[in-house]
Amino acid sequence: MTTNTHNVSSLALTQIERSSIMQERKYIILSFLAGLSATVSVAGLIIAGKPHQVIPGAEIPTSMWLFPLIFVFGSIVTEIYGARIARWVTWATFTCTAVAVLYFALTVYVPYPDYWRNQDAYRLVLMTTPRIMVASVTAYFVASYTNIGVLVAVKKLTQGRWLWLRILLAALASQVVDSVLFVGISFLGIIPAEAIWPMIATSAVLKFCMQLAGIPVSYGVVRLVKERIE
């Protein structure tokens with residue numbers, strides 16, 4: 001009887017230890033994904049000032065190759081941890097980006113010695129037009145919430161099936177919102193109104209295609225993480 005009780009206690013302890021390890025892994029992975037999201041957002045602001053000529057006559061901000069990754073990370077977090085945690089990651093990314101912008105401004109405008117000859121280059125890199133910075137942060141925040149909302153709604157409608165479909169629809173909705181807000185806030189009143197919509201369309205299509213390319217990555221990461229935490 002004593003031996004059986006000891007075995008049951010040992011089994012219960014093992015299950016508790018395993019559950020503790022799974023929980024620890026779960027939040028380590030969440031921290032890693034949130035850190036990647038914030039890193040991509042801040043890096044995107046730094047590199048946004050350089051245009052990339054895709055083909056002659058077609059140029060995009062260099063950051064356009066980077067920002068869609070944030071939505072890939074957001075889709076992964078929403079699928080594994082749920083909408084509430086995904087929104088907290090959005091807020092964390094937004095906060096990190098806002099703090100970075102404040103530090104950029106602080107370091108650009110603090111007094112500097114006479115021998116410093118790189119002030120213009122320093123300002124050019126770190127202080128992309130403030131309007132573009134506001135556009136980037138605003139577009140990310142609203143589009144990220146759109147991404148989460150569509151993922152949750154479609155998951156409920158499909159009863160948890162067809163991950164590819166909800167990522168596809170969320171990518172379409174979020175990139176349209178992102179492009180409308182970013183281009184609108186950045187360029188409305190600066191460039192002719194008839195040029196705004198083609199720019200929005202080009203931006204949305206490119207970002208959507210990049211997120212489509214990220215669907216296999218999302219599948220792989222979701223499967224791998226769930227194996228580690230469940």
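The values are calculated or read from the model by the stated rules, or taken from the named source; none is laboratory data. On a predicted model such as this, the values are computed, not experimentally measured, just so you know. We place every Cβ from the backbone using ideal geometry, glycine too, and count neighbours over all the protein chains shown.
Condition (residue is without any contact (Cβ under 8 Å) to a residue 24 or more places away in the chain, part of a helix (DSSP H, G or I), touching a strand residue (DSSP E or B) at 6+ places or on another chain (Cβ under 7 Å) and surrounded by 14 or more Cβ atoms within 10 Å (Cβ to Cβ)) applied to the stretch 140-154: is it met by at least one residue? Give the steps one after another, and end with the answer.
Initially, the stretch 140-154 is screened for residues without any contact (Cβ under 8 Å) to a residue 24 or more places away in the chain, giving 153-154.
Remaining after also requiring part of a helix (DSSP H, G or I): 153-154.
Filter once more, so that each one left must be touching a strand residue (DSSP E or B) at 6+ places or on another chain (Cβ under 7 Å): none.
No; the residues of the stretch 140-154 include none that is without any contact (Cβ under 8 Å) to a residue 24 or more places away in the chain, part of a helix (DSSP H, G or I), touching a strand residue (DSSP E or B) at 6+ places or on another chain (Cβ under 7 Å) and surrounded by 14 or more Cβ atoms within 10 Å (Cβ to Cβ).
Among the numbered criteria (1) loosely packed, with under 14 Cβ neighbours inside 10 Å; (2) on the phi < 0 side of the Ramachandran plot; (3) modelled with pLDDT under 85, which one does VAL72 miss?
All conditions pass for VAL72, except number (1).
Can you tell me which of (1) at pLDDT 80 or above; (2) polar (S, T, N, Q); (3) under 26 Å from ALA48 (Cβ atoms) is the one SER186 doesn't meet?
For SER186, the failing item is (1).
Look through ALA170, ALA204 and report the one residue that is over 21 Å from ARG87 (Cα atoms), under 20 Å from the mean Cα position of the chain (by Cα) and assigned to a helix (DSSP H, G or I). Break it down stepwise before answering.
Working: ALA170 fails: over 21 Å from ARG87 (Cα atoms).
So the residue among ALA170, ALA204 that is over 21 Å from ARG87 (Cα atoms), under 20 Å from the mean Cα position of the chain (by Cα) and assigned to a helix (DSSP H, G or I) is ALA204.
Could you list, in sequence order, all residues of the stretch 107-139 that are exposed (fewer than 10 other Cβ atoms within 10 Å of the Cβ) and closer than 20 Å to GLY44 by Cβ? Walk me through it before giving the result.
So in the stretch 107-139, the residues exposed (fewer than 10 other Cβ atoms within 10 Å of the Cβ) come out as 110-111, 113-117, 120-121.
If the condition is that a residue be exposed (fewer than 10 other Cβ atoms within 10 Å of the Cβ) and closer than 20 Å to GLY44 by Cβ, then ALA121 is the only one that fits.
Could you say whether any residue in the stretch 192-202 is touching a helix residue (DSSP H, G or I) at 6+ places or on another chain (Cβ under 6 Å), under 21 Å from PRO68 (Cβ atoms) and among the hydroxyl-bearing types (Ser, Thr, Tyr)?
no
Considering only the stretch 220-228, I want to know if a residue exists there that is surrounded by 19 or more Cβ atoms within 10 Å (Cβ to Cβ) and either touching a strand residue (DSSP E or B) at 6+ places or on another chain (Cβ under 9 Å) or of a type outside the set (Gly, Ala, Ser) (or both). Let's see the steps before the verdict.
Taking the stretch 220-228 and keeping what is surrounded by 19 or more Cβ atoms within 10 Å (Cβ to Cβ), we get 221, 225.
In the following step, the residues that additionally are either touching a strand residue (DSSP E or B) at 6+ places or on another chain (Cβ under 9 Å) or of a type outside the set (Gly, Ala, Ser) (or both) were identified as 221, 225.
Yes, the conditions are met somewhere in the stretch 220-228.
Among the numbered criteria (1) part of a helix (DSSP H, G or I); (2) of a type in the set (Val, Ile, Thr); (3) at pLDDT below 85; (4) over 11 Å from the mean Cα position of the chain (by Cα), which one does ILE29 miss?
Checking ILE29 against (1) part of a helix (DSSP H, G or I); (2) of a type in the set (Val, Ile, Thr); (3) at pLDDT below 85; (4) over 11 Å from the mean Cα position of the chain (by Cα), the one that fails is (3).
Within the stretch 92-132, take every residue that is in a helix (DSSP H, G or I), of a type in the set (S, T, N, Q) and in contact (Cβ under 8 Å) with a residue 40 or more places away in the chain and give me the one that is nearest to SER31 (Cα to Cα).
Restricting attention to the stretch 92-132, the residues satisfying the condition of being in a helix (DSSP H, G or I) are 92-109, 119-126, 130-132.
Applying the additional criterion that residues be of a type in the set (S, T, N, Q) yields 93, 95, 97, 107, 119.
From what is left, the residues that are in contact (Cβ under 8 Å) with a residue 40 or more places away in the chain are 93, 97.
On the way: THR93: 12, THR97: 16 Å.
Per the criteria, the residue is THR93.
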